[in-house]
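Colleague: Below you'll find the structure I mean.
The values are calculated or read from the model by the stated rules, or taken from the named source; none is laboratory data. This is a predicted model, so every value here is computed, not measured. Cβ sites come from the backbone with ideal geometry, for glycine too, and all protein chains shown count toward neighbours.
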Amino acid sequence: MASFQGMKINPSRYHKSQLKFYAFIIPMTLFVALPIIFIISHAFKPSNELYAYPPKFFVRVPTFDNFRDLFFLASESGIPFSRYLFNSVLVTVIGVFLSVLITSLAAYSMSKLKFKGKKVLFEINNLALMFVPIAVTIPRYLTIAKVGLIDNYLVLVLPLIAMPVGLFLVKQFIDQTPNELIESAKIDGASEMQIFIKIIVPIIAPALATVGILSFQLIWNDTLGSTLYVNDESLKTLAFYFSTLASRTGNTVAGQGIMAAASLISFLPNIIIFIILQGKVMNTMAHSGIK
Amino acid sequence: MIRRMNHPAWFFTPYVVLFTTFIIIPVIIAIVLSFTYFNTIQTPDLIGLKNYIELLTRDEVFMQYVLPNTFKFAFIVGPVGYMMSFLLAWMLAQIPHKHRTILAIILYSPSMTAGIAMGVIWTVLFSGDSTGYLNSLLLNIGFIEEPIQFLTSPDYLMTIMIIVSLWGSMGVGFLAMLAGILNIDPSLYEAAYVDGLRNRWQEIFYITIPSMKPQMLFGAVMAVVGTFQVGAIGVQLSGANPTPQYAGQLLVNHIEDFGFIRYLMGYASAISVVLLILIYSISKATWSLFGERD
């Protein structure tokens, strides 16, 4: 079909007819990338460049001064930087693991098992896709206080791991797996849990990676938990420490360098994990539609 | 043990318990509290609809600033961000895989920077004195003579909030739409051209969008939610709640203002309920915009 002029999805190589798309996408990408390039550049500026007038976008003589200051600033307040980092890593690892686990279990029951109230439950979950946690900060606090979770490590994790979007994505993904697979395993005497672990989990790995990424972003970047539900300074997370930098450094120019370093540290794990797993995410998203 | 785990309860209980505790119950409490006077110290006093009446008739800040701001913000950031996501996804689908992956990662990356710490970029770029990057640039090319107080001036705050939010609007919905477009069966296009499709616009509206309706819908819901989620940005940028002359005050900030600054939890809850209803109705409206539900 040499005369076919329409859309060529996923072309295998570059052709000059694609130039018009590049002409639009590349400026947009630059606009999006500039602030991020700026953060990277700013984080490595020595103080004379931070104060320079007129300000320079790119760093000339990169140093690690800002990172060093960032580490020492933490210990001044009595809590070493490593403690915040440890808390963040611990909470994030536990949170991502639990989130993937409970979400996939629930998604399997929603997709393949039969029980009363299943439809209602999925409808409520779909409604909750529109849920904005920030709107119920206060009642959430009251609930957490009532349950007695204040100043408990778990409070940094538990409110975040039941993600309606995660359940939705995994359920849509499991819907695609053929029932015959499950039926034949049942004939061989496998229990539902065995089927889930041995057959379903390997198939839905891409969806699980996606849930992992989403919950990672949520937990790693969360400051609300440390701010509201935890009073003990030594239990708070890196994201919380970073969010207090503006007041700690008094919003000075030197402080901006430190904050840029902090932004970079909190951003890097997100982007690295996403780059590694992006193929799986795209695979999951193909099944993401609301039907 | 695992060999005998057959009951569905094994699977859904953990999720349902957490979902109920941290989503359902707080929403119910918000609704109940919204009918009370509650200052966090005394027990809540039932006062009926008084909070809502006060909110709709006597709260001048709400009517004059918060509600119009929220609508303005939502109706620009939501649709523009959504259309941008679709357009970029549509174009990305038509370039080779390697380039697409790199560009898509960059476009998605701002939505990973949700952390408050990222605010530093904007405070430096838009800083109000001549050392701010934008001010310095504009002064240099002679566009302005005096530095502009971008972040503390009521004239600019909303515009900057919108730009910053659009910057981060290529999120999960964008990825879903990209995947949706890539999954459309190419033979559909060829068949449509044989049947007399004439141009790219017809193609988009008759083939592309209908074939990926589920993803379009998912993207739309994510766009609506995302828009209301980033509401705190005005306070972050200007460094004050309330924002200067309420220029960047959105519903979310109004809740915080009454809940955590004035400790009027009942009243704040009423605002929360209004916010949830608003998001719900806008999502539903978007839903029906996409036509027939099957």
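Colleague: Cβ contacts < 6 Å: first residue free of Cβ contacts under 8 Å to residues at least 40 places away in the same chain, restricted to the stretch B:268-291; second residue outside any helix (DSSP H, G or I) and not β-branched (Val, Ile, Thr), any location; separation 6+ or different chain. Result?
Modeller: From residues that are free of Cβ contacts under 8 Å to residues at least 40 places away in the same chain, the pairs are B:TYR280/A:MET130.
Colleague: Here's a follow-up. Restricting to the stretch A:30-57, what's the tally of residues that are at pLDDT 90 or above and not in a helix (DSSP H, G or I)?
Modeller: Looking only at that region, the number is 3.
Colleague: Shifting gears a bit: Quick test of your reading of the structure: A:SER191 fulfils all but one of (1) within 11 Å of another protein chain (Cβ to nearest Cβ); (2) within 21 Å of the chain's Cα centre (by Cα); (3) within 30 Å of A:ASP175 (Cβ to Cβ). Name the failing condition by number.
Modeller: (2)
Colleague: Another one. Report, by residue number, each residue of the stretch A:20-47 that is facing chain B (nearest Cβ under 8 Å), in contact (Cβ under 8 Å) with a residue 60 or more places away in the chain and of a type in the set (A, V, I, L, M).
Modeller: A:ILE36, A:ILE39
Colleague: Return the total of residues in the stretch A:238-251 being outside any helix (DSSP H, G or I) and either touching a strand residue (DSSP E or B) at 6+ places or on another chain (Cβ under 6 Å) or more than 16 Å from A:GLY78 (Cβ to Cβ) (or both). Before the answer, list the steps.
Modeller: Applying the first criterion (outside any helix (DSSP H, G or I)) to the stretch A:238-251 yields A:244, A:249-251.
Within this subset, residues satisfying the condition of being either touching a strand residue (DSSP E or B) at 6+ places or on another chain (Cβ under 6 Å) or more than 16 Å from A:GLY78 (Cβ to Cβ) (or both) are A:249-251.
Adding up the residues that qualify gives 3.
Colleague: Next up: Among the listed residues A:LEU85, A:LEU50, A:LEU98, which satisfies the condition of being closer than 30 Å to A:VAL211 by Cβ, in contact (Cβ under 8 Å) with a residue 40 or more places away in the chain and facing chain B (nearest Cβ under 10 Å)? Quick ask: steps written out before the conclusion?
Modeller: Numbers: A:LEU85 fails: facing chain B (nearest Cβ under 10 Å); A:LEU50 fails: closer than 30 Å to A:VAL211 by Cβ.
Every option except A:LEU98 fails the conditions.
Colleague: What's the total number of residues in the stretch A:252-275 that are in a helix (DSSP H, G or I), more than 8 Å from chain B (Cβ to nearest Cβ) and either of a type in the set (S, T, N, Q) or touching a Gly at 6+ places or on another chain (Cβ under 9 Å) (or both)? If you could, list the steps in order and put the result at the bottom.
Modeller: Residues of the stretch A:252-275 that are in a helix (DSSP H, G or I), as a first pass: A:253-275.
Next cut, more than 8 Å from chain B (Cβ to nearest Cβ) only: A:254-255, A:257-258, A:261, A:264-265, A:268-269, A:272-273.
With either of a type in the set (S, T, N, Q) or touching a Gly at 6+ places or on another chain (Cβ under 9 Å) (or both) added as a condition, the list becomes A:273.
Qualifying residue count, the stretch A:252-275: 1.
Colleague: Residue check: is B:LEU151 assigned to a loop (DSSP other than H, G, I, E, B) and hydrophobic (A, V, I, L, M, F, W, C)? Working first, answer last.
Modeller: Numbers: assigned to a loop (DSSP other than H, G, I, E, B): yes; hydrophobic (A, V, I, L, M, F, W, C): yes.
So B:LEU151 passes the test.
Colleague: I'm trying to understand the selection: among the residues of the stretch A:276-291, which are assigned to a helix (DSSP H, G or I), crowded, with 21+ Cβ neighbours inside 10 Å and more than 7 Å from chain B (Cβ to nearest Cβ)?
Modeller: Step one: list which residues in the stretch A:276-291 are assigned to a helix (DSSP H, G or I), which gives A:276-285.
In the following step, the residues that additionally are crowded, with 21+ Cβ neighbours inside 10 Å were identified as A:281, A:284-285.
Correct list: A:THR284 only.
Colleague: Failed condition for A:ILE161, given (1) more than 9 Å from chain B (Cβ to nearest Cβ); (2) under 27 Å from the mean Cα position of the chain (by Cα), with all others met?
Modeller: (1)
Colleague: Let me ask you something else. So which pairs qualify, if the first residue must be in the stretch A:219-236 and without any contact (Cβ under 8 Å) to a residue 24 or more places away in the chain and closer than 19 Å to A:SER99 by Cα, the second must be of a type in the set (Gly, Ala, Ser) and buried (at least 21 other Cβ atoms within 10 Å of the Cβ), the Cβ gap must be under 8 Å, and the two must be at least 6 apart or on different chains?
Modeller: Sorted first by the residue in the stretch A:219-236, then by its partner, the pairs are A:THR223/A:ALA239; A:THR223/A:SER243; A:THR223/B:GLY115.
Colleague: Right, something else. From the list B:SER187, B:SER111, exactly one residue is more than 8 Å from chain A (Cβ to nearest Cβ) and farther than 23 Å from A:GLY257 by Cα. Which is it?
Modeller: Working: B:SER111 fails: farther than 23 Å from A:GLY257 by Cα.
Every option except B:SER187 fails the conditions.
Colleague: Continuing with this model, one more query. Scan the stretch B:141-159 and give yes if some residue there is facing another protein chain (nearest Cβ under 9 Å) and loosely packed, with under 15 Cβ neighbours inside 10 Å, otherwise no. Quick ask: steps written out before the conclusion?
Modeller: Taking the stretch B:141-159 first, the residues facing another protein chain (nearest Cβ under 9 Å) are none.
No, every residue in the stretch B:141-159 fails to be facing another protein chain (nearest Cβ under 9 Å) and loosely packed, with under 15 Cβ neighbours inside 10 Å.
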